[in-house]
Structures are given as structure tokens and as C-alpha cells.
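Heads up: the structure comes next, in C-alpha cells.
The values are calculated or read from the model by the stated rules, or taken from the named source; none is laboratory data. Fair warning: this is a prediction, and the values are worked out from it, not measured in the lab. Cβ: placed from backbone, ideal geometry, glycine included. Neighbour counts: every protein chain shown. SASA here: full protein model, heavy atoms, side chains in, ligands and nucleic acids out. Shrake-Rupley method; radii C 1.70, N 1.55, O 1.52, S 1.80 Å.
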Amino acid sequence: MQAETTPSQNINFEVLSHPYAQKDLKYLLKSVEKLPVTIWENSLDASRHIARSIALAIRQKQQDGLPLVLGLATGSSPIKVYEELVRLHKNEGLSFRNVITFNLDEYYPMSPDSRQSYVYFMHEYLFDHIDIPADQIHIPDGTIEMDKWELYCDEYEKLIDSYGGLDIQLLGIGRTGHIGFNEPGSWENSLTRLVKLDAITRRDAAEDFNGIENVPYRAITMGIGSIMKAKKIFLMAWGQHKADILKEAVEGPITPNVPSSYLQKHKRTKVFVDLSAAEKLSRIRTPWKVGICNWTDNLICKAVIWLSERVEKPILKLTDEDYSENGLSDLIIEYASSYDINIKVFNRIQHTITGWPGGKPGEDDRHRPERARPEQKRIIVFSPHPDDDVISMGGTLLRLVEQGHDVHVVYQTSGNIAVHDHDALKFIEFSKESIASFDRSSLELYGVFDSAEMFLKSKTSGEVDRPSVRRIKGLIRRSEARAGARFCGVKDSHIHFLDLPFYETGTSKKKNLGNKDVELVTKLIEKIKPHQIYAAGDLADPHGTHRVCLDAVFASMHKLKRKRWVKDCWVWLYRGAWNEWPIHEIDMAVPLSPIELEKKRKAIFMHQSQKDHPPFPGADVREFWQRAEDRNRMTAALYRKLGLAEYEAMEAFSKWRGL
Ligand code: F6R
């Protein structure tokens with residue numbers, strides 16, 4: 001088991017390690033955060049902590065011969081809590097015989113046998129692995145007839161009350177701010193009822209349902225009033241995509257527009273978040289507004305960038321008054337004048353810019369992001385999906401090859417679930433016809449394509465592809481990835497496909513990172529012995545493929561850290577398609593000219609199966625090349641606004657200092 005890190009009042013060391021900070025910050029935080037939040041370094045440690053609190057409550061009730069009434073949630077947020085509860089049951093004898101559960105919600109209509117039902121979810125993650133008696137499990141019934149739901153919901157509510165109410169309620173938070181399926185507009189006293197789902201919620205569920213058109217429009221959910229009756233509430237939020245709504249729920253006013261904000265009225269709610277979900281909280285984003293700060297170089301840089309954006313002035317034009325009028329007088333006191341701070345921060349940002357991402361040969365590299373030597377570096381670019389390399393760092397990849405480095409591209413997963421059936425059919429038909437016209441002896445292969453074709457033509461909505469179809473879809477992505485990398489000048493012998501096993505489930509739900517995954521990554525790194533590694537440093541989604549792929553790289557580096565060459569291997573993190581690093585976290589910014597940006601676009605176009613309308617576009621309607629360009633232009637524009645040189649676009653990297 002991994003050692004547990006503490007919740008991170010510690011993480012925000014910049015504020016809290018200051019000798020005077022504790023008292024002031026606590027006092028001030030109260031006026032900013034209206035719910036008690038603990039920030040954890042990662043969702044795994046936080047989930048284990050929550051599971052242990054639940055286990056403790058179960059055992060205490062057991063001692064008194066009483067039942068524990070547990071309100072449960074589904075979705076990605078509680079998965080690791082359930083995994084830990086199962087572990088505690090299996091390894092530490094935790095019994096659930098005295099536990100009575102009530103789930104928050106269920107889609108409507110929904111058959112309990114469907115893979116998308118919350119009944120299926122709960123059994124898969126929890127109930128099938130613990131000793132809870134079946135008659136103590138309650139999940140809203142998605143098959144209830146339309147004219148009976150009122151009575152049904154009434155009885156659900158009364159049943160909870162008959163057990164004395166919920167002792168603990170576990171909650172996730174939706175991007176609409178919903179808890180349960182209480183969407184914006186829900187009223188405070190609402191009880192269990194049939195509701196309509198918000199468009200954003202349906203879009204977020206599209207991946208599980210293989211397309212938004214299959215997501216139900218309604219759900220049965222406990223109400224805000226039902227939730228508020230719980231004696232204790234644990235709200236969880238993991239990942240950057242929750243950061244905006246979490247801030248509103250925690251720091252904003254109580255409003256039906258953000259149903260989770262009602263929790264501010266509940267006396268015993270605790271909020272558990274990871275660092276990425278906490279990103280927008282004032283204590284992380286603008287700690288100088290909520291407490292006295294310990295001014296590290298990083299924090300100074302962050303504050304100056306914030307100030308420059310706020311007063312809309314380039315860094316070198318910021319005055320003492322700008323600092324004082326915007327709550328940053330502490331900085332002036334420490335530094336004596338804005339002039340010194342401005343220069344210090346300006347130079348730091350200036351030094352992140354380089355057109356030589358692999359280092360500039362023969363130059364003094366003291367103020368450059370990369371080393372000048374060795375002049376020709378061995379480089380690995382890890383790409384979680386087969387197109388992240390060109391989407392997120394296509395311009396840099398082009399430069400690295402042009403500047404003579406020995407560049408390998410490693411595609412970590414097959415990406416097979418993101419190929420449309422109609423695209424696969426096109427290739428299958430092509431292959432069948434090729435075999436029929438050129439090589440009649442390959443009957444066996446013909447048979448493979450023939451049965452794949454039959455499968456796809458009779459495939460029902462939501463059905464998982466059979467292995468041969470997944471393989472074909474994976475091969476389609478391979479050919480596109482090869483075309484993209486080749487377009488950037490990467491040699492065929494330097495294009496690698498790992499097909500990491502954790503990804504190969506055929507559904508959007510992936511397995512946890514396993515030894516085999518780490519072994520495959522480690523072997524490759526060891527073979528190439530790179531001077532530079534580029535990897536997708538995505539923190540956006542704790543269950544997402546990018547996160548697991550990054551963990552595989554980190555785990556490999558830890559395994560290899562005693563090897564001599566590893567100390568010369570620098571790891572640069574790029575962000576995935578959706579977000580860029582905040583400026584103060586950028587250690588290397590690679591400018592792109594208009595021509596380079598156009599070349600990058602062409603490399604992205606090689607991924608034809610992901611063009612126009614990929615199967616999993618996420619909440620953003622723009623195509624990948626558009627997102628990439630907008631984001632790269634935006635980074636350049638931000639640098640410009642801070643008073644640095646004006647470029648067409650920029651790709652940004654943060655250096656990993658984890659070893
Ligand atoms: C699930 C539920 C929802 C989720 C919320 C967050 O039973 O009631 O409110 O908790 O949509 O979903 P995830 O955890 O998937 O981000």
C-alpha cells in the first residue's frame with residue numbers, strides 16, 4: 001500500500017508555512033470558504049481517508065449493535081472509495097452486515113441489467129465484493145411505471161426516514177453544480193422525485209452511453225432536502241474539470257443555480273478535493289487575498305502575472321501603486337520597490353522562451369531551459385493516445401527533428417475505442433476486397449474481416465466491440481499515428497506502439513495501472529536511454545487515460561532512478577488537448593511561426609478518424625486542430641500581454657522535478 005500523504009493544508013506551503021500564516025489564514029479563510037475543505041495531493045489518498053472514516057463509523061455502530069445507514073453515489077468520484085472499502089473487507093475483516101444503503105439516484109427509464117444502470121455500477125464496484133445482505137441495498141428503480149413514480153419516490157423517502165435517516169451521505173459534484181441529479185433550479189426542500197437532466201450532465205454521460213443520443217433525459221433522484229437530512233456529508237471533487245464549479249459551491253452565494261451551494265447550510269459537511277479541483281479556490285489562485293504569504297520565487301511570479309492581467313499592464317510598467325491597490329503591498333515591503341520585482345519576474349519568463357527545445361548547440365545555456373550538450377540528444381516523446389504528440393507538441397516535435405535530434409515517438413495506448421464503426425467498416429471492406437482480388441489463399445484472414453463486418457453491421461447500441469474489431473480499430477489509429485509522426489520527420493524505426501494493457505477494455509472505463517504497463521514503458525526507456533522525455537502531464541481527470549499513462553512514466557523513472565544515465569534525463573510535461581499550463585508553471589515556451597503552425601495542423605489532419613466529429617469529443621465542440629491552435633495562440637498572446645515578444649503561437653512545457 002502506498003504511504004498516505006496528509007491533506008494539504010501542507011500543499012499550499014506558500015501560504016501556510018509562513019510563521020504568521022496559520023492564524024491569519026484560518027481567520028481569513030472562514031470568510032472566503034463557506035464549506036470546510038481539505039485539499040489532498042491526489043484523489044487516491046483522499047479516497048482512502050474517506051473509506052477509513054466510513055469503516056470507523058460502521059465498526060462503531062457494530063459495537064453498539066446498531067445499523068449504519070449509508071447514502072451512496074455513483075460516477076467516477078467514489079470509485080476509489082469503494083475500492084478501498086472492498087480492500088478493507090477482504091484484507092482487514094470489515095463486515096457490512098450491519099450496513100443499510102440508499103443510492104442517490106438512477107437514470108429513468110433504465111433497466112437494472114443495463115451496463116449503464118447505477119444498479120450495475122454499484123454491484124460491479126462494491127456490492128458484489130462485500131458481505132452486505134441483498135435486502136439491505138436500495139437503489140431507485142428505473143423501471144417504475146410513469147404514473148407510479150410519485151408514490152414510489154414517496155416510499156423511498158419514507159423508507160430512509162424509517163431507518164432514522166442517513167448517517168453518512170457520499171456525494172460527487174456535477175459540472176452543473178448538481179448533487180445527486182438535483183440540477184440547477186432545484187429547490188432547497190426538494191425530496192426524492194423524477195427530474196430532467198441538464199444538457200451538460202447528459203453530455204458528460206455520453207461516453208458511458210456511446211453517444212449523447214442514448215443518454216436518458218430523466219432520472220429519479222433524492223432531493224436536496226433528502227440529502228440535507230443526512231447526519232454527515234462527504235462531498236468529493238477530483239480533477240481540473242471540477243475546479244470552476246467547486247469554487248462556486250465553496251466560495252459563492254447559496255443559490256438554486258448551484259445546488260451544491262445549499263451544503264453551506266449543513267453543519268457537518270466535509271469537502272475533499274485534490275489539487276487540480278482546488279486550482280480555482282482563492283487560497284490556491286490568489287493566496288495573498290486570504291492570508292499572509294511566504295513569498296517564494298514561484299509565488300511572486302504567480303502574483304505578478306495575476307497583477308499584470310488584472311490591471312492590464314505589461315510587467316515592466318507595473319507601479320508601486322498597482323501593487324498596493326491590489327493587495328500586494330506585502331511584496332513591496334519585502335522588496336522595497338516594484339522595479340526590482342518587475343525585472344526579476346520579467347527575466348524569469350523571458351528565459352523560458354526558446355526556439356531550441358533540445359538545447360542550442362554551442363551557446364551559454366545558463367539562462368536557457370535546456371542544456372546545450374550533448375548537441376544531439378536522444379529523445380522520447382510519449383503520446384498517451386495516438387494523436388496527443390502532434391496535437392499538444394506538434395510544433396516542438398517538428399523542431400526537434402529539424403534540429404537533428406534522435407527523436408522516438410511512443411504511442412502508449414491503442415486508442416481503439418475512439419474509432420467510429422463506419423470508419424472501421426470502410427477499412428474492413430477495403431481489406432476484404434483486397435484479399436479477394438489479390439490473394440485468394442488468405443481465406444482465414446478473409447474470414448476475420450468477414451465476421452468483423454457482420455458484427456459491426458448487427459451491433460446494438462452500447463455493445464462492446466469484440467477483440468478482432470478492437471484490433472482493427474487500433475490498427476487504423478496506428479496507421480494514422482505513423483502518418484502524423486512521419487510527416488514531422490520521425491524515422492519509421494523510431495515509431496513505437498505499446499498498446500498498454502490497462503486501456504484494453506473495449507469501453508471508456510479503464511483498468512488501473514498494472515505492473516505489465518509499467519514494465520513495457522520501463523523497458524523502452526531503458527533501451528533508448530533518452531536525454532529528454534516529453535510526456536502528457538495531464539491532471540484533468542483522475543480516471544483518464546492521460547493520467548494513467550503519466551503515472552506509468554513516473555513509475556518507470558522511479559524504477560530506473562539508480563541508473564547513471566537517468567540523472568541526465570530531463571522530463572518535460574506538456575498538457576493534453578484541453579488546457580495549457582498557467583504561465584508561472586511554464587519552464588519552456590517554444591514559439592511557432594505561422595508556417596510552423598500550419599505544418600502542425602497538417603500533422604493533426606493525418607488523424608482522419610478523429611476529424612470532424614470524433615467519438616469522444618468531450619464538452620468542447622471545436623475540432624482538435626482548432627483547440628490546439630486556439631490554445632497555442634492564446635499562450636503567445638498572454639506572453640505578449642505581459643510585455644514579452646509577440647509570436648504567432650507557443651507550445652509550453654513544465655519541467656518534472658519528481659526524482
Ligand atoms: C451519481 C450522482 C452525481 C455524480 C456527479 C459527479 O450518483 O448523483 O451527482 O456524483 O455527477 O459525477 P462524477 O463523479 O462521475 O464526476
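Quick notes on this structure:
- Of the residues making up the stretch 327-375, those that are surrounded by 15 or more Cβ atoms within 10 Å (Cβ to Cβ), in a loop (DSSP other than H, G, I, E, B) and charged (D, E, K, R) are LYS360, ASP365, ARG368, GLU370, ARG371.
- Out of SER468, SER392, sole residue that is over 26 Å from TRP578 (Cβ atoms) and among the hydroxyl-bearing types (Ser, Thr, Tyr): SER468
- Top-ranked residue of the stretch 451-474 - restricted to ones that are part of a loop (DSSP other than H, G, I, E, B) and acidic (Asp, Glu), ranked as surrounded by the most Cβ atoms within 10 Å (Cβ to Cβ): ASP465
- Among residues of the stretch 412-445 being touching a residue at least 60 places away in the same chain (Cβ under 8 Å) and part of a helix (DSSP H, G or I), the one that is surrounded by the fewest Cβ atoms within 10 Å (Cβ to Cβ) is ASP423.
- Taking the stretch 1-103 and the strands (runs of 3 or more DSSP E) fully enclosed by it, the elements with 3 or more residues that are at pLDDT below 95 are at 37-40.
- When ASP198 is tested against (1) buried (at least 21 other Cβ atoms within 10 Å of the Cβ); (2) within 11 Å of the ligand (Cβ to nearest atom); (3) acidic (Asp, Glu), only condition (1) is not met.
- Filtering the stretch 266-294 to residues that are open to solvent by less than 30 Å² (accessible area, probe 1.4 Å), without any contact (Cβ under 8 Å) to a residue 60 or more places away in the chain and either in a loop (DSSP other than H, G, I, E, B) or farther than 18 Å from ALA249 by Cα (or both) leaves HIS266, THR286, TRP288.
- Pair list, Cβ under 6 Å, 6 or more apart: the stretch 96-115 residue touching a residue at least 60 places away in the same chain (Cβ under 8 Å), other residue away from the ligand (no atom under 16 Å from the Cβ): ILE100/PRO67; ILE100/VAL69; ILE100/GLN136; ILE100/TYR163
- Test: residue in the stretch 42-60 that is charged (D, E, K, R) and either open to solvent by less than 10 Å² (accessible area, probe 1.4 Å) or within 16 Å of the ligand (Cβ to nearest atom) (or both): yes
- Enumerated strands (runs of 3 or more DSSP E) restricted to the stretch 157-225, each holding at least 2 residues that are in contact (Cβ under 8 Å) with a residue 60 or more places away in the chain: 168-172, 218-221
- For ALA249, the requirement of being within 13 Å of the ligand (Cβ to nearest atom), assigned by TED's automatic domain parsing to the domain that holds ILE100 and assigned to a helix (DSSP H, G or I) is met.
- Of all residues in the stretch 215-242, those satisfying the criterion of being away from the ligand (no atom under 13 Å from the Cβ) and either buried (at least 23 other Cβ atoms within 10 Å of the Cβ) or within 17 Å of GLY172 (Cβ to Cβ) (or both) are MET228, ALA230, LYS232.
- Residue within the stretch 109-125 that is away from the ligand (no atom under 13 Å from the Cβ), modelled with pLDDT of 95 or more, hydrophobic (A, V, I, L, M, F, W, C) and under 24 Å from LYS232 (Cα atoms) present: no
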